[in-house]
Structure formats: C-alpha cells, structure tokens
Amino acid sequence: MPLHSSLLNKPRLVEKLKRFYDYVQKNDGKVGTKTRGIDLNLNNACNLRCKYCFTNSPKGEQAKARLPLDVLARVADEADDLGYFEFDLQGGELLLRPDILFESLEAIKPERFYLYLTTNGYRLDQKMAQKLAKAHVSRVSVSVDSMNEKTHDEIRGRKDSWRKAIEALKHVQEAGMDPYLNITMGHYNAFDPAFEELLKYSKDNNYKTLINVAVPAGMWSQMDEIMLDDKDREHLNAMRKKYKNLVRNIWNPFDRENEKVIGCTTVNRLYITPLGDVLACPYVHIKVGNVIEQSLKEIVEFGFSIKHFSDHSPVCLAGENTEFVKNYMSNFGQTIFRPADAKKIFKNEDFLDKDKVKIAY
C-alpha cells in the first residue's frame, strides 16, 4: 500500500483515533458525546437520478450552492481542534466538479483526517483515483444497489452506472485507498438474496461493505414502510458476523467479535449543507446551527443539549426508531435544505441544562 494512504503517515489522525478509542473503552463501548465526524454536502448537483436520494439532487435542489472556501477551511480547523477525526465529502456527485473538490481538499488539509468521498463512481477512472490518493484521500465509498446490472441502472436512472461503479471500486483499490462498497438496506430488501449477493461480492474482492439503512427522508419522505423491523435487524446482525467486513456508524468499530453497538451518532457526526446549515446527521433533517453564522463548538454544545441526541440510542433514530420519525421527521417538505428547526420542534423538557452538558472533545 502506498505511503500516502497509510494511517501512520497521518500522526495527527492517529492521535485523535487513540483518544476516541480510549473514550469508547472507558464509556462502556458507547459513543456518548464524543466528537467523531463531519459529513459535508459539498455540491448537490448529480449526474444520476436515484430513486431514493435523501438530498433531493434528482430534483435539482440547490445544485449550484457551495459553502465558501474560507468557511470550509475554518470549519475544518475547528473540527480538528474539537477532535473530529473523520471527514466525509458527499453530494450530489462530487466528481461532476473536480475543480471544487480539489480546492476543498486543499482547504480541509486532509492529512489531519480519515478523509473519504462518497460517489456513484460514474466518473471515477484510474487517473482520478490516483489523483485522489495523491491528495491524501484515505477512502472512497462507491454506491452499488445490485449485482444485476439492469436493476442497478434502473434504480440509478442511467445506463452504464453499474459497470462504472464496479470499475471504480477496482481503481480505488489499485490506487491504495480503502475501497468501500455502499449498500442501502431497508425492510424491502433485507431478506432478498440479491442483498447477500452484494455482501459476498464485496468480501470476495477484499472491500469493506458500508451499510446505510433506508430512511423515510428525501425522495422517500413519508415512506415509513421502508424502515427496518426487529427481524430485519436480527438478519443484518447475522450477516455482520458471517461476513465480518460490514460497517455501520452505530456499530462499535473496535469490536472484533462483530456484536457490539456504539450507538446512534447524531451530533457525533454532524451534517453540513452547502448553505452552511448543520443537521444532527445526514438523515435527521433537524437543524442545530449554521457554520457561516456560528462556531462549530457552539453548534456542538447546542446539539448535545438535546436529550434525543445526547442520550444513548442502540438503533438509528432516522432509520429504526419509528416513534422519533413520527414525532420529528414527518413534516411535509422537510429536506436537508428545508430542515426542521430544533429550537421550534423540541419542547423545554427535551433540553438539558447547559451546565449538565458534558462533551468529550
């Protein structure tokens, strides 16, 4: 593996990872209020028309919006100071505008983070993979919906999208970055043999498999029937133990037995839109601040003052907690660009006293 992709070549990252590991071990394996990651929607324009897009990019929503570079640089510095060690750049599709992507990478200074991209892979050829690796990108996650080319292309709304996604994963691996095959799983496909076919393909090719659970948001707003139930979750946990290369944000990444849960990571992993709005996570479209107007520290402290986000939840609030979805995510038209305001939807009893908010930076 080339040196530029090695964790050992990122001493600041190693330092923050150790602090995160020590905290989790001392906190009964739970993420608690430890800062972890930033998910940034860098550019919401996209070249595909995926049926379940949670950012509404197929509708062209805020396709030209962009967080100012000076704000992004400041946010990255503040995130580093607060101990955030993951930085996930998302879209839309980032590789539609490589000029914006590489300007942003320079502003973020990815040598301080485990920095990765989430892409549909359509424009990720060998040359681009090598360029990303040279820019200190640690990982690239490529979304694949099925090993059936026709099924994937129908879901994505564009011919050849499956072939290019499969090729992109190989380019990522050959360039020395971590290849992650992204799968969206919900009640509709949990027991579908095609789901396990994807898991097997990922394992056979020495990829990691990132599981994103289906959430009733974005293009799937109001569709509660897609959410995982207890049997689906039990099956997913069985697949976790069987394949041993599956990853979910709520699972404990340090557990070699593939059993422990670190907990829902709302606020631990903040989601920032191109407008600067900060949501509790990519799928919980509830605004807790704006980085253009506030410091990251101020936003984090407010976010963790909300009991729903500071209390431990063993399941994903957006994809598995039907009560939370019913109460706080079912407003018509609620999107990442029209999020609910936390100050308006939560009651006084939903907040902690400021002196009781203890954040593990």
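For a quick check, take a GNM of the chain with Cα springs below 10 Å and name the residue from N56, N44, N205 with the largest mean-square fluctuation.
The residue with the greatest mean-square fluctuation here is N205.
Taking all protein chains as present, what is the carbon and sulfur share of the accessible area of the chain, in % to the nearest whole number, probe 1.4 Å?
On the way: 7850 of 15930 Å².
Exposed carbon and sulfur together represent 49 percent of the surface.
Dipole size in debye (nearest 20) for the chain around its Cα centre, Lys and Arg Cβ +1, Asp and Glu Cβ -1? Mind dumping the intermediate values first?
Details: 54 positive and 51 negative charges, 113 e Å.
That gives the chain a dipole magnitude of about 540 debye.
Can you give me the accessible area per residue for the chain, using a 1.4 Å probe, in Å²?
Working: 15930 Å² over 361 residues.
On a per-residue basis, the chain sits at 44 Å².
Go through 133-142, 73-82 and give me the packing order, highest mean Cβ count within 10 Å leading. Don't jump to the answer; show the numbers that get you there.
Working: 133-142: 21.4, 73-82: 18.6.
In decreasing order of mean packing, 133-142, 73-82 become 133-142, 73-82.
Which of rounded, prolate, oblate describes the stretch 142-186, given a ≥ b ≥ c as roots of the alpha-carbon gyration tensor eigenvalues and a/c under 1.5 marking rounded, otherwise prolate only if a/b is larger than b/c? Mind showing how you got there, number by number?
Details: a/c = 3.08, a/b = 1.61, b/c = 1.91.
Here the stretch 142-186 falls in the oblate category.
Using the charge dipole of the chain (Lys, Arg: +1 at Cβ; Asp, Glu: -1 at Cβ; taken about the Cα centre), state which of V215, V71, A360 has its Cα farthest towards the positive end.
Farthest towards the positive pole: V71.
Mind checking which lysines have their C-alpha under 18 Å from K18, skipping anything on the same chain fewer than 8 residues away?
Result set, ordered by chain and number: K10, K26, K30, K34.
Excluding residues on the same chain fewer than 8 positions from K64, give the lysines whose Cα lies under 22 Å from its Cα.
K51, K287
Check the stretch 147-210 and count each lysine pair with an alpha-carbon distance under 16 angstrom, considering only pairs eight or more places apart or from different chains. Numbers along the way, then the final one.
Numbers: K150/K159; K150/K164; K170/K200; K170/K203; K170/K208; K200/K208.
Counting lysine pairs in the stretch 147-210 gives 6.
Cα gyration tensor of the chain, axes a ≥ b ≥ c as square roots of the eigenvalues: rounded (a/c below 1.5), prolate (a/b > b/c) or oblate? Please report the intermediate quantities before stating the final value.
On the way: a/c = 1.26, a/b = 1.15, b/c = 1.10.
Because its axes are fairly even, with a/c under 1.5, the chain counts as rounded.
Have a look at S146, H187, W162 and report the one farthest towards the positive end of the charge dipole of the stretch 130-219, computed about the Cα centre with Cβ charges (Lys/Arg +1, Asp/Glu -1).
Sorting the options by dipole projection puts first W162.
Going highest first, how would you order 161-169, 120-128 by mean Cβ packing within 10 Å?
Packing proxy ranking, top to bottom: 161-169, 120-128.
Show Y283, Y328 ordered by accessible area, largest first, where the area counts protein heavy atoms only and the probe is 1.4 Å.
On the way: Y283 55, Y328 30 Å².
I get Y283, Y328, largest accessible area first.
The values are calculated or read from the model by the stated rules, or taken from the named source; none is laboratory data. Please read these numbers as outputs of a predicted model, since none were measured by experiment. Cβ atoms come from the backbone with ideal geometry, glycine included; neighbour counts cover every protein chain shown. The area values use the complete protein model at the heavy-atom level, side chains included, leaving out ligands, DNA and RNA. Shrake-Rupley method; radii C 1.70, N 1.55, O 1.52, S 1.80 Å.
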